[in-house]
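Everything on this sheet refers to the single structure shown next.
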Amino acid sequence: MESKNFFVIMRLSSETTLLPFVHMIVRDSTLNGFKLSTADVAPGERYGWLMEVIRREYVKVEVRPPGDGELYNEMTIYPWKDSRLSVIRSRPIGIERLPGEPHRADQDAYFAVVLLAGRYSLEQQGKSVILRPGDLTLYDATRPHRIECPANFAKLIVSIPRTILGRRVPGIERCTALRVPGDRGLGAVASSFIRAAASQAGQLKPDEFQQLSGHTLDLLAAAFASLLSGTPGVARERSVSLALAKDFIERHLADPDLNAAGIACGVGLSARYIRELFLEEGTSPMRHVWRRRLENCRRDLLDARHAGRHVSEIAFRWGFNDASHFSRTFKRHFGCSPREYRGY
């Protein structure tokens, strides 16, 4: 069964009785969205099912169900160019991300949250934030965090790859677990826009809906960048230096000889300082290079303009110099070989 429209609850209080789920995955044939519901699963299996779905679609976490055990969760997920938009409504729940590597390479992302209704608190990197409906916050999906929703709630999540948001907002890692008020300034503009996009998703044509993704990213970048406007000069200087290093890397990914020393030399900074900057993001210069090369190869494998290129050509195009090593690395991080990912 297919449906063009999704039912999205935009207002929900802790006293509201949650409506029954449709007992199936509902897909949107025009937007390629899909809905996942606990009601599709036998009551005794819902906890394990929900944890597996969250780990697959978002990030590897531990889930704490409500005290009465009556678990209820529904998520509607829309691919949105390089990001994803999720509409989630649920009974009370607790979520905790423990230390460890991302479950999959494509989960290396920041999650921007807009609370629609209910209560929501987030803890990450020694900071904590409590949201009111309409407010926004951000967290790093790969780092330890804790989310508490002690009452019925509804929220939106915009999943944004780390590299994309990092290029837009130098120092974005310092914006996690901070509140952007949704009732004034850039927060109000961003929150209203994203909520409107979610509520109208079923009424928009695919190209119209996809165009909203870029505007959303612009608004979120501006809203989170406003949190950095009062940071000390030293912190701002480090953010600028990191942005310069990432820009240099993007322009030299195809160079198989690119290394940490070359990056440092290219931006006029010491290799040690560059390593420290990347360490603040939980990575290293060369891990960042490797990840960006894989991401570009994955993109080109699906690009019709490169359909005639051999897999090894694409790998060499982005700085890999050993086809066998590239294939093994790709499979380890994306779960299949480059040829399988391409579809033949």
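Where a number appears in this text, it was derived from the coordinates with a stated rule and is not lab data. Small disclaimer: the values here were computed from a predicted structure and weren't measured. With ideal geometry, Cβ positions are generated from the backbone for all residues, glycine too; neighbour counts draw on all protein chains shown.
Note on the stretch 26-228: the C-alpha convex hull projects to 10.6 nm² when averaged across all orientations. Simple rule: put +1 on each Lys or Arg Cβ and -1 on each Asp or Glu Cβ in the chain, find the dipole, and look at S213, T76, L228; the Cα lying farthest toward the positive end is L228.
A cut-off of 5 Å between modelled amide H atoms, ignoring neighbours fewer than 5 places along the same chain, links G33 with D28. When the alpha-carbon atoms of the chain are used, the pair Rg, Dmax equals 20.9, 61 angstrom. Ordering P92, A261, P170 by Cα displacement along the dipole of the chain toward the positive end leaves A261 in first place; charges were set at the Cβ atoms of Lys, Arg (+1) and Asp, Glu (-1). Between A304, H252, W290, the Cα set farthest toward the positive side of the dipole of the stretch 233-342 (charges on each charged residue's Cβ, about the Cα centre) is that of A304.
Each residue of the stretch 167-176 was assigned a 3J(HN,Hα) from its phi angle through the Karplus curve 6.51 cos²θ - 1.76 cosθ + 1.60 (θ = phi - 60°); the sequence is 6, 6, 10, x, x, 4, 4, 8, 8, 5 Hz, with glycine and proline shown as x. Here the stretch 292-344 is treated with +1 on each Lys and Arg Cβ and -1 on each Asp and Glu Cβ, and its dipole about the Cα centre works out to around 100 debye. Please tell me which of these pairs span more than 26 angstrom C-alpha to C-alpha: K60/K81; K35/K81; K155/K246; K35/K127? In this structure, K155/K246; K35/K127 lie more than 26 Å apart at Cα. Using only Cα coordinates, the Kirkwood hydrodynamic radius of the stretch 233-342 works out to 14.9 Å.
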